[in-house]
Amino acid sequence: MADLTTTLIHHPYTPPQGFAAPQPGVFKASTVIFPNVAAMRHAEWKDKSAYTYGLHGTPTTYTLEERLCTLEGARDCMLVPSGLAAIALVAMSLLKSGDEMLIPDNAYGPSKALAEGELKAWGISHRYYDPMNPSDLAAMITPQTRLVWLEAAGSVTLEFPDLCELVRVCQARGVLTALDNTWGAGLAFAPYDLTPGHTPRLAVDVCAHALTKYPSGGGDVLMGSVSTCDEALALKLKLTHMRLGYGVGANDAESILHGLPSMALRYRAHDETTRTLARWCLTRPEFAQVLHPVLENSPGHAHWRALCNNGLGGAAGLFSVILAPQYTQHQVDAFCDALTLFKLGYSWGGPMSLVVPYDLASMRKTWPNHLKAGTLVRFSIGLEAAADLQLDLAQALDKALA
Ligand SMILES: *Cc1c(COP(=O)(O)O)cnc(C)c1O
């Protein structure tokens with residue numbers, strides 16, 4: 001009989017098979033144990049036929065990846081520690097020194113920072129294109145252009161591009177497309193089937209998704225995913241993922257698995273309240289412009305209607321306003337400070353409504369023609385009652401801008 005110290009580690013008990021519950025189990029591992037040397041030599045993680053090491057997958061991460069494939073309509077999926085890490089993985093895997101990538105001028109800010117920092121230092125160049133003008137994109141593609149980033153709707157300013165046309169432009173020139181799918185989340189439209197019923201399918205090549213937002217839904221987990229339908233691209237991405245040592249915690253993966261079953265219902269609730277509030281903001285004289293793709297006068301509304309109303313439907317819980325130009329930065333800040341239900345904070349997709357004032361001039365190459373002059377404030381709508389949020393907006397406007 002071995003010492004108790006040893007027995008507590010090498011315990012002989014095996015629980016019975018066949019335990020079933022609505023929520024999958026949480027498996028934690030760095031080490032994975034093999035039954036024999038032959039199994040150790042032949043275990044293959046790349047096709048998920050076995051487990052080799054915690055970083056390369058566990059039943060918990062394989063399950064989450066499989067469900068995210070279902071959500072986005074992808075074949076393969078990889079988990080990374082944040083949405084930004086997903087964007088970084090795509091670039092680091094698919095680009096090399098001398099390559100160029102094109103980024104929409106309204107892209108998620110930290111994605112631009114990555115291009116301007118590390119990627120540039122590694123000899124990967126970038127330029128910004130006007131996402132509302134597919135011929136601008138077409139004119140910018142050169143033999144060095146290897147990857148074009150897409151976002152629908154755009155971060156902060158929420159223009160909805162002609163996604164299908166942008167993808168067609170890239171396909172015609174043999175350039176890979178990567179979509180930041182955080183806004184659509186697999187629910188507003190199908191990124192791998194942009195023109196349902198048509199063959200061949202019109203699809204992006206890769207999606208990066210900040211699971212931090214809607215899949216989590218709690219405002220308490222950071223995670224990202226990279227997905228694709230292309231087998232060769234998947235292998236390339238998986239090898240980079242493995243070599244970079246990207247992994248996620250089992251408890252965090254479980255949190256996302258916990259959020260997924262309610263995601264579509266939450267997304268619809270965020271969407272409905274957001275439309276109500278955006279329409280109410282249209283009636284307020286303090287706002288020079290309200291930016292939300294479902295509004296007829298919002299940039300790209302027709303593209304949103306064609307892609308989202310036609311397909312799965314929906315719009316996320318974000319909208320922005322541009323305050324009339326007579327208001328000073330100080331007054332706009334006072335308006336944000338006067339809100340009580342809306343909290344000052346980054347991110348979105350959680351239960352609590354959030355507000356952020358942005359300095360748009362510092363974020364764009366040029367001030368786009370379709371945006372009015374003034375200070376921009378972005379709202380992320382949570383799951384509170386629309387009437388309460390509207391009262392909060394009204395009292396803050398009266399208090400700060402009267
Ligand atoms: C939040 C966000 C990201 C990054 O996600 P993190 O998990 O916060 O790193 C990427 N893209 C978009 C559009 C986002 O909103």
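The values are calculated or read from the model by the stated rules, or taken from the named source; none is laboratory data. Just so it is clear, the model here is predicted, and its values are computed rather than measured. A quick note on method: Cβ atoms are made from the backbone with ideal geometry, for glycine too, and the neighbour counts reach across all protein chains shown. SASA here: full protein model, heavy atoms, side chains in, ligands and nucleic acids out. Shrake-Rupley method; radii C 1.70, N 1.55, O 1.52, S 1.80 Å.
Worth a mention:
- Nonpolar atom fraction for region 100-178, defined as the carbon and sulfur part of the 1.4 Å probe accessible area, stands at 52 percent.
- With a Förster radius of 22 Å applied to the C-beta separation of L391 and D333, the computed FRET efficiency comes to 0.55.
- GNM result for the chain, Cα springs below 10 Å: residue of P16, P81, P104 fluctuating most strongly: P16
- Tensor-based shape of region 252-364 (alpha-carbon gyration tensor, a/c under 1.5 rounded, otherwise prolate or oblate): oblate
- Summarising the label geometry, the points placed 7 Å from Cα in the beta-carbon direction at Y346 and A138 lie 3.7 nm from one another.
- For the chain, the convex hull drawn through the C-alpha positions has a volume of 175 cubic angstrom per residue.
- Calculated [θ] (222 nm, deg cm²/dmol) that DSSP helices of n ≥ 4 give over the chain, each run adding -39,500 (n - 2.57): -10000 deg cm²/dmol
- Gain on full stretching of the segment that runs from T70 to H258 - 0.36 nm per residue minus C-alpha separation: 66.1 nm
- Rounded to whole numbers, the Karplus 3J(HN,Hα) couplings from phi for region 285-292 are x, 5, 9, 6, 7, 10, 10, 6 Hz, using 6.51 cos²θ - 1.76 cosθ + 1.60 with θ = phi - 60°, and x at Gly and Pro.
- Cα-projected label distance for K46 with A21, points at 7 Å along beta-carbon direction, nm: 3.6 nm
- Prolate/oblate/rounded call for region 37-261, Cα gyration tensor, a/c under 1.5 rounded: prolate
- Heavy-atom accessible surface of region 263-401: percent carbon and sulfur, 1.4 Å: 55 percent
- Cα-centre dipole for the chain with unit charges at Cβ (Lys and Arg positive, Asp and Glu negative), debye to 20: 460 debye
- Rounded percent of accessible protein surface that carbon and sulfur make up, region 29-91, 1.4 Å probe: 59 percent
- Anisotropy class of region 109-222 from Cα gyration tensor, a/c 1.5 cut: oblate
- Between D220 and Y53, the modelled labels are 3.2 nm apart [label points 7 Å from Cα along Cα→Cβ].
- Going by accessible surface with a 1.4 Å probe and the largest first, K343, K96 read K96, K343.
- Sorting the segments 358-368, 235-245, 179-189 by their mean number of nearby beta carbons within 10 angstrom, highest to lowest, gives 179-189, 235-245, 358-368.
- Computed from backbone phi, the HN-Hα couplings of region 250-266 come to 4, 5, 5, 4, 5, 4, 5, 4, 6, x, 4, x, 9, 5, 5, 5, 5 Hz, rounded to whole numbers (Karplus: 6.51 cos²θ - 1.76 cosθ + 1.60, θ = phi - 60°; Gly and Pro given as x).
- The H on the amide N of Y53, modeled in the peptide plane, is under 5 Å from the matching H of no residue at least 5 residues off or on a different chain.
- Residue among V148, V26, V294 with the largest mean-square fluctuation in a Gaussian network model of the chain, springs linking Cα atoms under 10 Å: V26
- In order through region 33-44: 3J(HN,Hα) via Karplus (6.51 cos²θ - 1.76 cosθ + 1.60), integer Hz, x for Gly, Pro: 9, 9, x, 7, 5, 4, 5, 4, 5, 9, 4, 10
- For the chain, the solvent-accessible area of protein heavy atoms averages 46 Å² per residue (probe radius 1.4 Å; ligands and nucleic acids excluded).
- Under 27 Å from K343, Cα to Cα: lysines that are on another chain or at least 8 residues apart: K112, K213, K372, K399
- On full extension, the segment bounded by R243 and L4 gains 82.1 nm, given 0.36 nm per residue less the C-alpha separation.
- Taken about its Cα centre, region 1-135 carries a charge dipole of about 240 debye when Lys and Arg each add +1 at the Cβ and Asp and Glu each add -1 at the Cβ.
- Crossing angle, helix 83-94 versus the chain [Cα axis fit, 0-90 degrees, rounded to tens]: 70 degrees
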